[in-house]
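Trainee: Have a look at this one.
No lab work stands behind these numbers, since they all come straight from the coordinates. Since we're looking at a predicted model, the values are computed, not measured. Quick reminder, even Gly has a Cβ in these numbers, built from the backbone with ideal geometry, and neighbours come from all protein chains shown.
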Amino acid sequence: MGRSRPREQAPARRLAALPRLCAAAVVAACGCHASAGDAQKSDAEWASARRQMVDVQLGARGITSPRVLDAMLRVPRHLFVPESARAAAYDDGPLPIGYDQTISQPYIVGFMTQALDVGPGDRVLEIGTGSGYQAAVLSLLARNVYTIEIVPPLADRARDTLARLGYRNVEVRTGNGYLGWPEHAPYDRIIVTAAPDEVPPALVAQLRMAGLMAIPVGTSWQELKILRRSESGMKTLETLPVRFVPMIGKPSPRL
Ligand code: SAH
């Protein structure tokens, strides 16, 4: 498809529409280092890059949940991206993971994970496994993570990465997330990391009452919505302008 623009806009761009993110975040956003050519770091160097990511890109911009910060400090993001993108693994933006897909910017992962307020007993459904990174972060916070990826080689690679790194409470399914994963429903939390044009009804049906969903909705213009299921429907708690890859494979309506 050959799009050249990163699909999640850099935070500095989004700040115009986000008055609650302070100007300090703009300065912080520009403070990250160029890292091309240093993919051969030691474990200690990767850990220090990760610490910097957490402090500068997350902590300074309102991601303050100690559980979320700790999880993002522990998951080796560089092992979830292809070799060619590894040097930039802790940079402040999304990265290509092949098949015209991207791993989300760390800030977006932090924002969605914090907004979901995942508890240790929770069962979480993710749509859009991609690299498996978001699933790994969630797996440190939840009891079980079920994640669905529509592109088979991405699902296979994420399954391998997660198994190799020992994330045992994550199950990856190759399939279409529009249908959810009914066998394990209801879910306490649902996170969607590709953008549909509307909230898929099957996902609402598989979310438990009072459960939370984080989902980018829209086509060229998208809004990340944090929703709570209530007796009277889905209530919007928070929104953020974003740009995610489209969610593909929408089933055609039955006549
Ligand atoms: N969460 C991922 C990044 C997601 S990128 C990570 O941490 O790396 C969005 C992913 O959604 C892509 O891999 C894309 O193939 C997948 N996707 C798009 N439409 C989908 C659908 N209908 N069902 C499941 N996955 C889908």
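Trainee: May I ask you to list the trypsin sites (Lys or Arg not before Pro) in segment 127-226 that are in a DSSP loop and have at most 12 other Cβ atoms within 10 Å of their Cβ?
Mentor: In loop regions of segment 127-226 (DSSP not H, G, I, E or B), the sparsely surrounded trypsin sites (Lys or Arg not before Pro) are 168.
Trainee: Which of 139, 230, 252 has the fewest other C-beta atoms within 10 Å, and how do the rest follow up to the most?
Mentor: 252, 230, 139
Trainee: Where in segment 189-217 does the amide nitrogen come within less than 14 Å of the point 7 Å from the Cα of residue 230, taken along Cα to Cβ?
Mentor: 209-212
Trainee: Under 5 Å between amide H atoms, partner at least 5 residues away or on a different chain: which partners does residue 245 have, H built in plane at 1.01 Å?
Mentor: When sequence neighbours closer than 5 places are left aside, the close amide H contacts are 195.
Trainee: Can you sort 90, 99, 133 from fewest to most other Cβ atoms within 10 Å of each residue's own Cβ?
Mentor: Fewest-to-most ranking of 90, 99, 133: 99, 90, 133.
Trainee: Once amide H atoms are placed 1.01 Å from N in the peptide plane, what residues at a sequence separation of 5 or more from residue 191, or on another chain, have their amide H within under 5 Å of its amide H?
Mentor: 125, 126, 127, 214
Trainee: While we're looking at this one, here's another question. Dipole of segment 11-242, Cα-centred, from +1 at each Lys and Arg C-beta and -1 at each Asp and Glu C-beta, to the nearest 20 debye?
Mentor: In total the dipole reaches around 420 debye.
Trainee: Once the Cβ-Cβ distance between residue 67 and residue 208 is put in as r, and R0 is 25 Å, what FRET efficiency do you end up with, to the nearest 0.05?
Mentor: Efficiency at R0 = 25 Å is approximately 0.75.
Trainee: Can you list residues whose amide H is under 5 Å from residue 97's amide H, if they're 5+ apart or on another chain and H is modeled 1.01 Å from N?
Mentor: Counting only residues 5 or more places away or on other chains, the set is 102, 103.
Trainee: Extending each Cα 7 Å along its Cβ direction at residue 198 and residue 52, get the distance between those two points in nm, one decimal.
Mentor: 4.6 nm
Trainee: By counting other Cβ atoms within 10 Å of each Cβ, how are 223, 231, 198, 149 ranked from fewest to most?
Mentor: The fewest-first ordering by Cβ neighbours comes to 231, 198, 223, 149.
Trainee: Using the Karplus curve 6.51 cos²θ - 1.76 cosθ + 1.60 with θ = phi - 60°, work out ³J(HN,Hα) for each residue of segment 42-58 in order, rounded to whole Hz, and write x for Gly and Pro.
Mentor: Using θ = phi - 60°, the values come out as 7, 4, 5, 5, 5, 5, 6, 5, 5, 4, 5, 4, 5, 5, 7, 8, 10 Hz.
Trainee: Between segment 161-198 and segment 50-107, what is the C-alpha centre distance in whole Å?
Mentor: 20 Å
Trainee: Distance from a point 7 Å along Cα→Cβ of residue 74 to each backbone N in segment 126-163: keep the residues under 16 Å and list them by number.
Mentor: Flagged as within label range: 133-145, 162-163.
Trainee: Here is a further query. Give the lysines whose C-alpha is closer than 22 Å to that of residue 250, dropping any in the same chain fewer than 8 places away, or say none.
Mentor: Result set, ordered by chain and number: 225.
Trainee: Here is a further query. Which residues in segment 117-131 place their backbone N less than 14 Å from a point set 7 Å from the Cα of residue 160 along the Cα-to-Cβ direction?
Mentor: Hits in segment 117-131 for residue 160 at 14 Å: 131.
Trainee: In the neighborhood of residue 54, defined by Cβ-to-Cβ distances under 13 Å, what is the net charge if each Lys or Arg adds +1 and each Asp or Glu adds -1?
Mentor: Charge balance in the 13 Å sphere: +3.
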